[in-house]
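Chemist: This is the structure I want to talk about, given as structure tokens.
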Amino acid sequence: MRIILLGPPGAGKGTHAGTISALKSVPHVASGDLFRKHQQEETELGILAGSFMSKGELVPDEVTIRMIEQRLGEDDCWQGIILDGFPRTVTQATALDQLFASLDHKLDLVLYLAVSEDELVRRLGGRITCRNCQTPYNLVSSPPKIENVCNQCNGELYQRPDDTADAVRQRIQVFTQQTIPLVDYYTSKGILTEIDGEQDISEVQRALIAAV
Ligand code: AP5
Ligand code: MG
Ligand code: ZN
């Protein structure tokens, strides 16, 4: 099964991707997580991506598409995948269609997590993320069991540099301008399901499981 998790910054993509990944036994591929890994390893791509991410801008399509194509070419992605944060522009969506067509693969479902702007700002203000496995937590809605320690891997929790108020505002604006057109793009293909992402985490999870 090939699924895209689509939604604005803070919608809950990273929160729920792991559940769907386990349920469907397909890998979770998150473009933001891949960029942050490159940043940690100080690769050329990581340095380039960081200069856009810190401002809340999108990394250019060409390098993003190349990185995802490479990841999707790995063996574990052959049977299926859950994509989080990619595609984010019509150019990226078209490139993904072409890639899947060339591999004779089919995109099954796009899950669109809809959340209001006020709620996104609230959530990202309280988010802490694992430096190691990138699992997101929230000081209010989903704190870790031990303060500053990841439940999954014991990694250290930190605040992402793009979770500052200014960067969050910019990321939401970029989503509205560049990514919202994908809702129509996938609706017209008849594969988009909208989920009310504003509910409690457990209710959103139930709705997502029902949809897949
Ligand atoms: P990326 O890492 O993808 O960030 P994003 O899309 O802005 O999304 P987030 O990770 O911030 O939100 P999320 O939906 O995963 O929410 P989460 O589950 O953590 O991208 C970062 C940057 O990389 C981009 O800005 C760009 O520069 C670059 N980039 C990445 N992909 C790119 C692409 N394809 N093209 C170009 N550039 C790209 O939840 C958020 C918080 O809310 C957490 O604290 C969580 O605990 C809490 N929460 C979740 N659900 C609920 C709920 N139902 N109720 C209450 N709290 C909740
Ligand atoms: Mg995320
Ligand atoms: Zn972790």
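Chemist: Heavy-atom accessible area of SER54 with all protein chains present, probe 1.4 Å, nearest 10 Å²?
Modeler: Only protein atoms counted, so the area is about 70 Å².
Chemist: Any idea how far apart THR176 and SER141 come out in nm if each label point goes 7 Å out from Cα toward Cβ?
Modeler: If labels sit at THR176 and SER141, their model points lie 2.0 nm apart.
Chemist: Under 1.5 on a/c is rounded, so check that first for the chain, then, if it is not, pick prolate when a/b is larger than b/c and oblate when it is not; a ≥ b ≥ c are the square roots of the alpha carbon gyration tensor eigenvalues. Display every interim value, and only then the final one.
Modeler: Details: a/c = 1.33, a/b = 1.20, b/c = 1.12.
Note, shape of the chain comes out rounded.
Chemist: Take the Cα radius of gyration of the range 7-67 and divide it by 2.2 N^0.38 Å, with N its residue count; two decimals is plenty.
Modeler: Working: Rg = 12.9 Å, N = 61, 2.2 N^0.38 = 10.5 Å.
Taking the Cα Rg and dividing by 2.2 N^0.38 Å, one obtains 1.23.
Chemist: Each residue of the range 75-90 in turn: what ³J(HN,Hα) in whole Hz from Karplus with 6.51, -1.76, 1.60 and θ = phi - 60°, glycine and Pro shown as x?
Modeler: Karplus values, whole Hz, x for Gly and Pro: 3, 5, 8, 5, 7, x, 6, 10, 8, 10, x, 9, x, 10, 9, 5.
Chemist: Just flag the trypsin sites (Lys or Arg not before Pro) in the range 1-108 sitting in loop per DSSP whose Cβ has no more than 16 other Cβ atoms within 10 Å. It would help to have the intermediate numbers written out before the result.
Modeler: Details: sites: ARG2, LYS13, LYS24, ARG36, LYS37, LYS55, ARG66, ARG71, ARG88, LYS106; in loops: LYS55, ARG88, LYS106.
Of the trypsin sites (Lys or Arg not before Pro), the ones in loops of the range 1-108 whose Cβ has at most 16 other Cβ atoms within 10 Å are LYS55, LYS106.
Chemist: Next question. Take every DSSP beta bridge whose two residues both sit in the chain, then give the antiparallel share in percent to the nearest 5.
Modeler: Working: 8 of 24 bridges.
If we restrict to bridges inside the chain, about 35 percent are antiparallel.
Chemist: Quick one: Cα centre-to-centre distance for the range 87-128 and the range 151-212, in angstrom?
Modeler: Result: 8 Å between the Cα centres.
Chemist: Which GluC sites (Glu not before Pro) in the range 70-146 sit in a loop by DSSP (not H, G, I, E or B) and have at most 13 other Cβ atoms within 10 Å of their own Cβ? Could you put the intermediate results ahead of the total?
Modeler: Details: sites: GLU74, GLU117, GLU119; in loops: GLU74.
Here the GluC sites (Glu not before Pro) that fit, given the DSSP loop and packing criteria, are GLU74.
Chemist: Per-residue HN-Hα couplings for the range 184-193, Karplus 6.51 cos²θ - 1.76 cosθ + 1.60 at θ = phi - 60°, whole Hz, x for Gly and Pro?
Modeler: So the Karplus estimates, Gly and Pro as x, are 5, 4, 7, 5, 5, 8, x, 10, 9, 10 Hz.
Chemist: For the chain, give the percent of accessible area contributed by carbon and sulfur heavy atoms, probe 1.4 Å, rounded to a whole number. Walk me through the numbers on the way to the answer.
Modeler: Values: 5250 of 10790 Å².
So the carbon and sulfur contribution to the accessible surface is 49 percent.
Chemist: How high is the FRET efficiency from SER102 to SER25, r the C-beta distance, R0 30 Å, rounded to 0.05? Could you put the intermediate results ahead of the total?
Modeler: Working: r = 24 Å, r/R0 = 0.80.
Computed FRET efficiency for SER102 and SER25 comes out at 0.80.
Chemist: Near the amide H of TYR112, under 5 Å away, which other amide H atoms are found, from residues 5 or more places off or on another chain, if H is placed in the peptide plane?
Modeler: LEU6, THR193, GLU194, ILE195
Chemist: Can you give the FRET efficiency for VAL90 and ASN148, using 1/(1 + (r/R0)^6), R0 = 45 Å, r = Cβ-Cβ distance, to the nearest 0.05? Each step should come with its number before you reach the end.
Modeler: Working: r = 40 Å, r/R0 = 0.88.
Efficiency at R0 = 45 Å is approximately 0.70.
Chemist: Please compute, over every Cα-Cα pair in the range 15-111, the percentage with a separation greater than 20 angstrom. Mind dumping the intermediate values first?
Modeler: On the way: 1760 of 4656 pairs.
Summing the P(r) tail past 20 Å for the range 15-111 gives 38 percent.
Chemist: Let me ask another. For LYS55, give me every one of the lysines with a C-alpha distance below 26 angstrom, ignoring sequence neighbours fewer than eight places off in its own chain.
Modeler: LYS13, LYS37
Chemist: Loop only per DSSP, at most 10 neighbouring Cβ atoms within 10 Å: give me the trypsin sites (Lys or Arg not before Pro) in the range 128-189, ordered by residue number.
Modeler: Filter output for the range 128-189: LYS145.
Chemist: Same structure again: Within the range 1-37, which residues have the backbone N less than 18 Å from the label spot 7 Å out from ARG66 along Cα→beta-carbon, could you tell me?
Modeler: Residues 31-32, 34-37 fall inside that zone.
Chemist: With every protein chain left in place and a probe of 1.4 Å, what is the accessible surface of TYR158, to the nearest 10 Å²?
Modeler: 40 Å²
The values are calculated or read from the model by the stated rules, or taken from the named source; none is laboratory data. Source: prediction; values computed, not measured. Virtual Cβ from ideal backbone geometry, glycine too; neighbours counted across all protein chains shown. Side chains are part of the model used for accessible areas, which takes the heavy atoms of the whole protein and leaves out ligands, DNA and RNA. Shrake-Rupley method; radii C 1.70, N 1.55, O 1.52, S 1.80 Å.
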